[in-house]
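Read the structure below first, then the notes.
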Amino acid sequence: MNFERAKSIILIILVGTSIFLTWSIWTYEPEYDKFGDQSNYIKIKSDVQIVSDVVKPVSILFHGNGQHFQTSNPVEINKMEKEFSQWSFTGVKEISVKRLQRKFDDFVHEDGSIEIEFSDDVPISLYKTVLNITDKDVPGFSFDRIIIKQKDISGNESAVYFVSYDQEKIYQGMVDSKRLRDFMDDFYTGSYSKHPEYTAETINSKRTLFVPEKSIEVNKLQYYIDNLDIGNLKNALFNDPKYVRQEPVSTGEEYTDGTRLMTINKENYLISYINPAQKDKLFDSSGDLLQKSIDFINDHAGWEDNNYRFAYMSENEQRVVFRLFVNGYPAFNESGMTEIEQIWGKEEIYSYERPYFSLASVLPSEESVETLPSGREVLNQLKSKDNIDFKSVEDISIGYQLNKSLDSKLVTLVTLVPTWYYRIGDKWFIVPGDTGGDQSGLE
């Protein structure tokens, strides 16, 4: 074998080896140990909320023997929700026309019934994802309370009522009677011994409100706060975040891409966003509007500490409001630090306003009990004010007034002060007089 032939053979071997090694690298798939017991691994809590997390009852009324009792306890509300979400509803239909001979209020607040109340009308097209409705076709309607009546439970199936108080509409669905008997045994029986008594007040010919007979003790709370990631919001609200300009302003910062504008108010920990190009509206149904509002906040992990609840919706304005709730009570702040508000445009969100903080940790040493006056005293206070149209009052509730302050280390704190509020339309106001909280503000 001559020298030139030997070189050719060596070169062929080297090229072949190179090709083989390159192919091996490209096709290499390392073997990883499969996860066995994952109980020791850290699990990151998801910030995604579903309908049942956000659209929740705010209170439960029990009517019996001419007396009324109420609770807003989240534990009891969650227990009740879990129970009725397991029922099978059939034959959902409107029965309003059959009840016109009776006073509507008498039907809603009848003795021997449980009244499960929501903040505002809830579209059944959305809430049927919480309930088990077996009907193929369900009529379109909204409701703000679910009512179970002791006297109507008989036979194999009995009626559960969905009521829109403002529209004076009543729908019913049929549920297994045994389920309802067990439900009434668990929640209705003995309710008078577990919950404070409430008194009924007729506001006008179409509305009766219920307020506590006696003074109420509620904890005053103080929290450290955490901040929401502004970057997540910027990426969610601007189509191409790399073209967004940031500029300082007197109250904080502004972000704009030439059309959209996001303002950060560092004084009150608020974000305000507007997209003028979306001013014209595409009118979604109430169910679609509320669903996409929930999805929108899910998309940028914006639920903070998961304490926000559906509070109000206007289909005409394409507007949805979620409110901060603490220990079952709504929270209010005159600057908007307790609300997430969305207004939708033709294709995207038009306006978005919200806080960018969450309640991180409560300060136990700062917890104290506040004694609020009875509901009767609150009613008398409202009636005595010439500047308040008492017959227009639509709700009266205990809530938390949220106030911001700094501690000795200049760390931001928020204080939640129990306070009486009343509602006219979609606006909440502090009850004037000695009813807790700072009397200077309104929601």
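Less than 12 Å Cβ to Cβ from residue 151, Lys/Arg counted +1 and Asp/Glu -1: what total charge do the surrounding residues give? Walk me through the numbers on the way to the answer.
Values: positive: 149; negative: 110, 111, 152.
The answer is -2.
Filter 93/427; 82/383; 292/391; 82/214; 194/220; 56/151 down to the pairs with a C-alpha to C-alpha distance above 28 Å, please. Flagged as over cut-off: 93/427; 82/383; 292/391; 82/214.
What translational D, rounded to a whole number of µm²/s, comes out for segment 349-431 from Stokes-Einstein when the hydrodynamic radius is the Kirkwood one over Cα pairs, at 25 °C and 0.890 mPa s?
Details: Rh = 15.7 Å.
Value of D from the Cα-based Kirkwood radius: 157 µm²/s.
The spread of Cα positions in segment 255-363, taken along each principal axis and listed from longest to shortest, comes to 45, 32, 25 Å. Over the C-alpha atoms of segment 199-288, the Rg to Rh ratio, Rh being the Kirkwood estimate, stands at 1.22.
Determine how many Å³ per residue the convex hull of the Cα atoms of segment 326-395 encloses.
Taking only Cα atoms, segment 326-395 has a hull volume of 186 Å³ per residue.
Can you tell me the alpha carbon radius of gyration of segment 120-174 divided by the globular rule-of-thumb value 2.2 N^0.38 Å? Mind showing how you got there, number by number?
Numbers: Rg = 11.6 Å, N = 55, 2.2 N^0.38 = 10.1 Å.
Taking N as the residue count of segment 120-174, the ratio is 1.15.
Residue 137 contributes about 120 Å² of solvent-accessible surface, heavy atoms of the protein only, 1.4 Å probe.
The share of alpha-carbon pairs in segment 167-242 lying farther apart than 14 Å comes to 82%. Each residue was assigned an accessible area with a 1.4 Å probe, and for residue 371 the value is about 90 Å². Average accessible surface for the chain: 52 Å² per residue, computed with a 1.4 Å probe over protein heavy atoms with every protein chain in place. Applying Stokes-Einstein at 4 °C and 1.567 mPa s to the Kirkwood radius of segment 295-334, computed over alpha-carbon pairs, gives a translational diffusion coefficient of 114 µm² s⁻¹. Screening the chain for whole DSSP H helices of 24 Å or more along their axis (Cα) with average Kyte-Doolittle hydropathy at least 0.0 returns 3-27.
Counting each pair of different Cα atoms once, what's the Kirkwood radius of segment 103-226 in Å, rounded to one decimal? Present the calculation step by step, with values, prior to reporting the outcome.
Details: mean 1/r = 0.0595 Å⁻¹.
When all Cα pairs of segment 103-226 are included, the Kirkwood radius is 16.8 Å.
Computed on the Cα trace of segment 296-423, the radius of gyration divided by the Kirkwood hydrodynamic radius gives Rg/Rh = 1.02. The alpha carbon radius of gyration of the chain, expressed as a multiple of 2.2 N^0.38 Å, is 1.29.
The values are calculated or read from the model by the stated rules, or taken from the named source; none is laboratory data. Since this is a predicted model, take the numbers as computed values, not measurements. No Cβ is skipped: glycine too gets one built from the backbone with ideal geometry, and neighbour counts run over all protein chains shown. Heads up: the accessible areas ignore ligands, DNA and RNA and are worked out on the full protein's heavy atoms, side chains in. Shrake-Rupley method; radii C 1.70, N 1.55, O 1.52, S 1.80 Å.
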